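To keep things clear, I will list the structure first and then write my remarks on it.
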Amino acid sequence: MPPKAHKERPHRDFLQIPDFSAKEIERLFSLAEAMRRGKYRTKTLAGKSLAMIFMKSSTRTRVSFEVGAWQLGGHALFLSPRDVQLGRGEPIADTARVLSRYVDGIMIRTFAHSEIEELARYADVPIINGLTDLVHPCQVLADVLTVKQNLGDYKGKRIAWIGDGNNMANSWLNAAYVLGFELTLACPEGYEPNPMILQRAQSKARVRVVRDPAEAADKADVVNTDVWASMGQEEEQAVREKAFRGYKVDESLMSRAKKDAIFLHCLPAHRGEEVAAAVIDGPQSRVWDEAENRLHIQKAIMAVLIGGERV
């Protein structure tokens with residue numbers, strides 16, 4: 001029996017938000033909204049499979065991709081480090097070549113961003129970034145979609161980021177770079193976002209990094225935060241608690257934003273640390289809409305990259 005032919009079909013990857021143009025992102029939003037409203041019923045992934053590699057564990061990423069693939073008529077395979085040879089030292093390039101012979105797309109949630117870049121370099125199928133230490137693009141597209149749904153548009157809006165200059169902050173910068181909204185990040189000294197991503201965003205959008213959370217929240221349309229110690233940084237918890245003192249999003253900080261401002265958090269949240277329970281569970285919180293939108297925006301991404309839907 002001859003070996004299976006090497007897949008030569010052209011494909012796109014989604015590693016960072018700038019991989020899509022502003023026009024394409026708007027099309028993704030339209031697709032995601034149609035999916036949310038039940039107006040998109042095409043089984044775009046019928047007969048197709050998605051490999052989901054989780055080097056980092058997750059609730060929202062796993063469930064949203066797995067359910068999304070099924071709703072589009074496809075099949076998703078959950079692969080932890082115990083399930084794949086990556087966990088035993090197989091080169092990423094070899095894993096990419098092998099999986100490309102079996103599946104139609106690969107989603108990976110991992111640590112170093114260089115790992116997903118290498119996976120994309122050697123894979124013959126679309127690669128989707130479920131999270132790296134550098135960026136979390138699916139989450140921030142879900143966040144911007146939430147802003148659009150609740151405030152009518154992201155254009156002309158003021159977004160405040162309070163806390164760590166982490167992968168979420170970097171992805172908000174990438175979104176501002178492509179979509180052009182105003183973004184102010186309040187980060188403690190030594191916890192700023194990636195300097196290259198920041199500089200690129202500042203070349204296209206009104207973007208600032210400040211120290212005072214109140215300055216960032218002032219007249220903001222959206223106030224956004226994340227945990228102070230992300231996965232893999234647990235040993236830094238005590239140091240970070242000291243560095244981020246004064247960066248909690250509480251009712252006092254929210255009062256500086258516009259009256260109709262919304263609060264976002266990518267979850268999981270630590271009530272009483274980076275956010276007060278009264279805020280995340282309060283009337284301005286849209287975190288549950290935001291979490292749901294992971295499903296819809298990722299379905300749109302899979303429909304385009306794997307299913308051939310046009311953007």
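Nothing in this text is a laboratory measurement; each read-out follows from the coordinates by a stated rule. Computed from a prediction, not measured in an experiment: that's the story for all the values here. Ideal geometry is used to build each Cβ from the backbone, glycine not excepted, and the neighbour counts take in all protein chains shown.
Overview of results
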read-out: Matching entry among Lys259, Lys242 (being without any contact (Cβ under 8 Å) to a residue 12 or more places away in the chain and part of a loop (DSSP other than H, G, I, E, B)); value: Lys259
read-out: Count of the range 35-56 residues which are touching a residue at least 12 places away in the same chain (Cβ under 8 Å) and more than 17 Å from Gln298 (Cβ to Cβ); value: 3
read-out: Options Ala261, Ala276: the member that is over 17 Å from the mean Cα position of the chain (by Cα) and closer than 16 Å to Asp226 by Cβ; value: Ala276
read-out: Residue within the range 41-55 that is of a type outside the set (Val, Ile, Thr) and in a helix (DSSP H, G or I) present; value: no
read-out: Strands (runs of 3 or more DSSP E) completely within the range 90-166 that count 1 or more residues being surrounded by fewer than 22 Cβ atoms within 10 Å (Cβ to Cβ); value: 158-162
read-out: Single residue of Val210, Val249, Val279, Val287 found to be in contact with a helix residue (DSSP H, G or I) (Cβ under 7 Å, 6 or more places away or on another chain), under 26 Å from Leu28 (Cα atoms) and aliphatic (A, V, I, L, M); value: Val287
read-out: Qualifying residue in the range 282-291 (condition: under 22 Å from the mean Cα position of the chain (by Cα), under 30 Å from His75 (Cα atoms) and of a type in the set (Phe, Trp, Tyr)); value: yes
